[in-house]
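Worksheet: one structure, shown below.
The values are calculated or read from the model by the stated rules, or taken from the named source; none is laboratory data. Computed from a prediction, not measured in an experiment: that's the story for all the values here. In case anyone asks, the SASA skips ligands and DNA or RNA and just uses the protein heavy atoms, side chains included. Shrake-Rupley method; radii C 1.70, N 1.55, O 1.52, S 1.80 Å.
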Amino acid sequence: AFRKYFHPVLATVTYLAGDDAAAPTVILPIVANEGGAVFALSGRGATVSWPRPGKHLCFPGGWLHGVPPSLACEPQPQPQP
């Protein structure tokens, strides 16, 4: 059976929580065709969005995106009273 897969028209990210150590969402203007080949859209760069409670992102649904843990910051020690 032949299956067709479609990306949503728009993708969204809403941050419900966030702290100084959380990793950002990275959005890349890279799309895949029906055969699985990937293409970078020329003239566009990556977007990096750091979490903040209540922040909302919206971008084309076929773009590659994720949260790379390697970009998380080391938590800063809290001063003791």
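Overview of results
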{"read-out": "Apportionment of accessible area to carbon and sulfur, the chain, percent (1.4 Å)", "value": "61"}
{"read-out": "Per residue accessible area in Å² of region 15-81, where ligands, DNA and RNA are left out and the probe is 1.4 Å", "value": "72"}
{"read-out": "Largest to smallest principal axis extent of the C-alpha atoms in the chain, angstrom", "value": "64, 26, 23"}
{"read-out": "Rg/Rh (Cα only; Kirkwood hydrodynamic radius) as it applies to region 24-67", "value": "1.03"}
